[in-house]
Amino acid sequence: MAPQYAPSLRSRLAPLLLFLQTAFIIIYAFFVEVDSNVKVDGETFSNFYAEFQDVNVIVILGFGFLCTFLVRYGFSGSGFNLLVAVMATQWAIILNGIESWYYRGKIRVNLRSLVVAEMCTASVLISMGTMLGKTNPVHLIIIALLEVSGFIVNEWVLQTLLKVNNCSCVSHSHQILGPSIFTPYTTQCMLYSQGNSPVCCLYSPGSVFLWMFWPTFNSVLVDDRTPGRKLGAVCSTYLALAVSAVTAAAIALLSHPKGKLNLIHMQSCILAGGVAVGVSMSAVHQPWEAMTIGFSAAIISTIGFQYLKIHMLLAFQCHDTCATLSTHGLPGLLGWLSHLLLQIRDSDDHTMAIRFAVFHICTLLITITISLSTGFVTGLLLKWNFWRPPQSKKCFDDQAFWEFPHNAVRK
Amino acid sequence: MAPQYAPSLRSRLAPLLLFLQTAFIIIYAFFVEVDSNVKVDGETFSNFYAEFQDVNVIVILGFGFLCTFLVRYGFSGSGFNLLVAVMATQWAIILNGIESWYYRGKIRVNLRSLVVAEMCTASVLISMGTMLGKTNPVHLIIIALLEVSGFIVNEWVLQTLLKVNNCSCVSHSHQILGPSIFTPYTTQCMLYSQGNSPVCCLYSPGSVFLWMFWPTFNSVLVDDRTPGRKLGAVCSTYLALAVSAVTAAAIALLSHPKGKLNLIHMQSCILAGGVAVGVSMSAVHQPWEAMTIGFSAAIISTIGFQYLKIHMLLAFQCHDTCATLSTHGLPGLLGWLSHLLLQIRDSDDHTMAIRFAVFHICTLLITITISLSTGFVTGLLLKWNFWRPPQSKKCFDDQAFWEFPHNAVRK
Amino acid sequence: MAPQYAPSLRSRLAPLLLFLQTAFIIIYAFFVEVDSNVKVDGETFSNFYAEFQDVNVIVILGFGFLCTFLVRYGFSGSGFNLLVAVMATQWAIILNGIESWYYRGKIRVNLRSLVVAEMCTASVLISMGTMLGKTNPVHLIIIALLEVSGFIVNEWVLQTLLKVNNCSCVSHSHQILGPSIFTPYTTQCMLYSQGNSPVCCLYSPGSVFLWMFWPTFNSVLVDDRTPGRKLGAVCSTYLALAVSAVTAAAIALLSHPKGKLNLIHMQSCILAGGVAVGVSMSAVHQPWEAMTIGFSAAIISTIGFQYLKIHMLLAFQCHDTCATLSTHGLPGLLGWLSHLLLQIRDSDDHTMAIRFAVFHICTLLITITISLSTGFVTGLLLKWNFWRPPQSKKCFDDQAFWEFPHNAVRK
């Protein structure tokens, strides 16, 4: 039912952007103010600013340029990611502040709330990776807004039902894990009858930036009042990343028929250790635990990349552009499992251990349920032809959306 | 009168560089010392160091790699920018320290004075953008030194005549605004009888770095002693940048005949909000004010990019390589206007409001006058054929200045 | 004796990586813990974190992407560098902690020990630059581990024999200087009968990042307790880098037959000032001293690049891929000499001056001796054909190690 010509974005994207942006400005005008109280949680502006900028680099540069390996889709990959990121961040600031608005009448913005909003955005950008190239920017923005909402509802449900308000780090990581796997897959299952393979080769600078700044990503929201916990988070993440880079290379060599390395493969799998340690952070106390988690995460991520991607395509007709499932999904589940095992080992008696296990499994189940529902609703909404989905043969092609100067060399 | 062969730089550039560099070393030997008093303005070294590095990244990487979209001029764009940046920074440190030298006999260098010098350099690099490709590096260095001088004379005049010493932020932004528009245009009007269009396509990584680090650029010199002002500057800039990215995309779609996006267009216009908010910073108190400024700035910047560039070329024979007028000029003027309006709204009585308006208009007029004079003098000086201007057909070509290994693939 | 086909890495590299990584995890499990004492040397976590990330960027991005100018070797240059960097850092953390393990039973990891380990890794990556393209990753990892060991033995010998424990900055720089020159050259002399020239043209983003973050690299380990010393280190390095960028351009223009610039040449030589000032840091007190050192360093580095590389190849059959000798070797020696001269000038009497000179010359001789022995041992070990050295005609080619998707455009 899609039109034969590449659908123009003007009549859909431009009004949507202008409408949403105007609505955001009006909401901000009535409900948002800059926090005048500078010292929050014992952190001064200067101490936190460098970490805020690191997160900014992760979200805009790291995730934005992660998909530049799609040869003919580089402009869209980076351009649309910026659009989605800024829309999602503005929306997440509003939703995260609803509780504060309820009690104090105003949503207060400070560096920490910007960072929390950018973490929600990161979760959205991770799951964008599965759908990139097969969607138009209108789809991406709607998915982003719905997914941010699901993410924050999930956090609120966990905090209300399970009282996990004492450890924002765990719940955050869980929510990164959940929506970034299940929402996009459900959406895809609703949307597509088949996937096609894009041409991939170019080097992606985003993955190097993600690798370098992942310790900040894992540690930025760790409470600084308990001395040493933030340092532990940084050291654990750094070592897990180091181990997973080495292991990913070794396993990739072993599983390749000619014993060669594959660049996109390596770029995806070097991050696995960081993701897994991020989810199990609050139970990791020794460097070797982080390293073992990194080792296992790299192995399952590498094997997942090699075998799972094709099976997903055949079995569920889900095509995963950026291999989000093997980079973030499997390592995230492994991190969840490690967290459970480590916590049980550290428990003093059986009652505590069982209580924690039940609690931990509930967290996962709630996250999965909310993600699946969000994905189902998003998928239903986007099936509507009103949004002008790209045709199958126009997928993964910048020419549908971008103007190229006629006498220029395509890069 | 220009020679038929691409003019060699050896006989002009090398002596100029060696002479200036030796002169700088001699001046530094007699008049400059490292500031031994570490705690300046309540800031410790560690608190300020991360922001110093951010500014460094903005100046060297952000502005240096902004013009890499010129396909055949990438080597020159980044290489000459580095040369100009380091010469301008050394010169700005000397000029900024003249007052301190007058009272204490020595110019003291610390992190803050390096940052102030790099802000002057940033203003120079912005205006370089209008002339890049049509000038040789000798021209660029002379323009840089004269423009830094004009910038600092302007600051000194404003501080002496109008007593704006209490708010370095405003005057700084004004001076970034002024010289970066008027000096290069006057220079161009003096220099060129016609401009030619370069081939543009490549992606410019500089603009992404500028977007990410612009909050630092706007907040780094804001006084940290009033709590919350620096945080306000960061949040305002971040939100304005976010809004202007969204708005620029929407307006670009609406104004394009086929409803497509243009990468260079977007790269220029996503910064507009940050520039406008930077100029009106000290009067912006609420997030929605910053967002509205960002919204308007993106609209006029996008429309300016589409229509003004061609009219400038036809009417004044000025060719603007990097669209500096629409990226920095128009949003800067809008910021100046917003500052005026916001300040009038916040004034208690009419006398104050009128007094501020007169003062504010004087600031702009003085800045424009000094910029125009600097541009006129620079233009006169550079008309001299002694500097060997590049021929029209050799413009925007790396081959005039750079050696290419014979068996290498041009990128 | 090498096989006619490109040697597969599977049977050598994968077992080596897995064996080493498992061994590291076991060592870490028994001997390494995260330092729970947060305030070390008066530095808090937040103050040091930004500098830690800068060093991380230098090591992974700066040195990792320094050799991307090799057109057909970009994948290997960046991929193997990451592998080598993470192996070397893990190994350096263990070796650096042996003393702490001896006295307290555990090696404590904190941000400072990560930074010290990354400085050792940087020294290894610098010397990799001489051998890149002519070695396979198995070679690189063995060289890295042996060189880290040599580096730390050297530091231990200097601290034990010469009691230089009070000034970690000097000894560190010396060790960066020493191994990065002599170890790789000795190794090369042992290994190769001839070198061949790779095709070079692409721009290397690594050098820009190194230039920007070199002030952090020189100042990060400077003791913050003496106020002003760290600021002095940053200002000196910044000015020296600025001067050497200008001087390198001028000298390159003068020495080129057609008066053109060469990009790779400039990329190498703009760093010379930073290297030289880094070695002589503790004796540099005034900005003009740093600038003069930067000026001289750029001159000898530029001339070395132009003439020395060819002579080294002819005389010693050593081929230096990244011009490490002229970028790091010659400026390092110049820095050593400047340190000696400045220290003698500052001495009160002759006895002190002579004592320092003897001490300083001993430091150099010990460093050279240890580097030569390490290089000799490494060379002997790597001559063994078991490691499957790449054939001469397969040098500088990614195809030996990396898979390219069949329908993709080579970049």
What are the residues in segment A:259-312 that are of a type in the set (Phe, Trp, Tyr) and more than 27 Å from C:Val34 (Cα to Cα), if any? A:Phe305, A:Tyr307
For segment C:343-360, give me each residue that is in a helix (DSSP H, G or I) and either out of contact with any helix residue (DSSP H, G or I) (no Cβ under 8 Å at 6 or more places or on another chain) or exposed (fewer than 10 other Cβ atoms within 10 Å of the Cβ) (or both). C:Arg345, C:His350, C:Thr351, C:Met352, C:Ile354, C:Arg355, C:Val358
Report yes if some residue within segment A:116-125 is surrounded by fewer than 24 Cβ atoms within 10 Å (Cβ to Cβ) and β-branched (Val, Ile, Thr); otherwise report no. yes
Can you tell me how many residues in segment A:47-72 are within 7 Å of another protein chain (Cβ to nearest Cβ) and at pLDDT below 80? 2
Could you tell me whether segment A:235-246 includes any residue that is more than 23 Å from the chain's Cα centre (by Cα) and modelled with pLDDT of 85 or more? yes
Taking only segment B:227-250 into account, find how many residues are more than 8 Å from every other protein chain (Cβ to nearest Cβ) and buried (at least 24 other Cβ atoms within 10 Å of the Cβ). 5
Could you identify the single residue in A:Ala2, A:Ala29 that is more than 21 Å from C:Phe48 (Cβ to Cβ) and at pLDDT 70 or above? A:Ala29
Residue within segment A:305-322 that is surrounded by 24 or more Cβ atoms within 10 Å (Cβ to Cβ), assigned to a helix (DSSP H, G or I) and either more than 10 Å from chain C (Cβ to nearest Cβ) or modelled with pLDDT of 85 or more (or both) present: yes
Are any residues in segment C:109-127 polar (S, T, N, Q) and within 24 Å of C:Gly379 (Cα to Cα), and if so, which ones? C:Thr121, C:Ser123, C:Ser127
Among the residues of segment C:113-137, what is the count of those that are among the hydroxyl-bearing types (Ser, Thr, Tyr) and not in a helix (DSSP H, G or I)? 1
Out of the residues in segment C:281-292 that are at pLDDT 85 or above, more than 7 Å from chain B (Cβ to nearest Cβ) and buried (at least 24 other Cβ atoms within 10 Å of the Cβ), state the one that is nearest to C:Gly232 (Cα to Cα). C:Val284
How many of the residues making up segment C:327-342 are buried (at least 16 other Cβ atoms within 10 Å of the Cβ) and out of contact with any helix residue (DSSP H, G or I) (no Cβ under 7 Å at 6 or more places or on another chain)? 2
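Considering each of B:Ile142, B:Ile152 in turn, give the residue that is surrounded by fewer than 22 Cβ atoms within 10 Å (Cβ to Cβ) and within 26 Å of B:Ser11 (Cα to Cα).
Just a single option satisfies the conditions, and that option is B:Ile142.
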Could you say whether any residue in segment C:253-262 is at pLDDT 80 or above, closer than 24 Å to C:Val59 by Cβ and either in contact with an Asp or Glu (Cβ under 8 Å, 6 or more places away or on another chain) or more than 7 Å from chain B (Cβ to nearest Cβ) (or both)? no
Suppose we keep only residues that are modelled with pLDDT under 80 and among the hydrophobic types (A, V, I, L, M, F, W, C) within segment C:32-46. Which one would you say is surrounded by the most Cβ atoms within 10 Å (Cβ to Cβ)? C:Phe45
Hey, B:Phe386 modelled with pLDDT under 75, in a loop (DSSP other than H, G, I, E, B) and over 28 Å from B:Ala240 (Cα atoms) or not: no
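The values are calculated or read from the model by the stated rules, or taken from the named source; none is laboratory data. Remember, it's a predicted structure, so these values are computed and weren't measured experimentally. FYI the Cβ positions are ideal-geometry reconstructions off the backbone, even for glycines, and counts take in every protein chain you see.
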